[in-house]
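In what follows, a structure is listed as structure tokens, so that the remarks can point back to it.
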Amino acid sequence: MAWSGDTGQYVDFADRYDLSFPQIDDTNADVFTRFGVAYQPAIAIVLPNGDVQTIAGAVDAETLDGILSQATA
């Protein structure tokens with residue numbers, strides 16, 4: 001997960017929601033820009049052929065499973 005902004009607020013957010021996956025400081029929006037993410041929440045999936053599928057908004061587990069199944073088919 002990439003983020004930008006106040007480090008203290010981010011750390012509090014990650015702790016509050018027990019985020020256990022990697023996070024990076026994207027203060028300059030380099031990651032967001034590279035993957036076409038205009039705002040959060042969003043998800044960017046790098047497909048096996050190198051294409052990137054970006055989805056703006058929250059994604060539920062069923063939708064994510066479907067996207068990942070298609071991406072790996």
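Computed from the coordinates by the stated procedures, all read-outs in this text should not be read as laboratory data. Just so you know, these numbers come straight off a predicted model, no measurement behind them. Ideal geometry is used to build each Cβ from the backbone, glycine not excepted, and the neighbour counts take in all protein chains shown.
Based on the Cβ-Cβ distance from ASP15 to GLN53, what FRET efficiency comes out when R0 is 30 Å, to the nearest 0.05? Intermediate results must be reported in sequence, preceding the final value.
Numbers: r = 30 Å, r/R0 = 1.00.
Computed FRET efficiency for ASP15 and GLN53 comes out at 0.50.
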Relative to the first principal axis of the alpha-carbon coordinates of the chain, what is the inclination of helix 7-16, with its axis defined by its Cα atoms, in degrees from 0 to 90 and to the nearest 10? 60
Round to the nearest 10 and give me the degree value, 0 to 90, for the angle of helix 61-71's Cα axis relative to the longest principal axis of the chain. 50
ILE43 neighbourhood, Cβ < 13 Å, K/R = +1, D/E = -1, net charge -2
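What whole-number volume per residue, in cubic angstrom, does the convex hull of the C-alpha atoms of the chain give? Show your work: numbers first, answer last.
On the way: hull volume 7.2 nm³, N = 73.
Roughly 99 Å³ of hull volume per residue.
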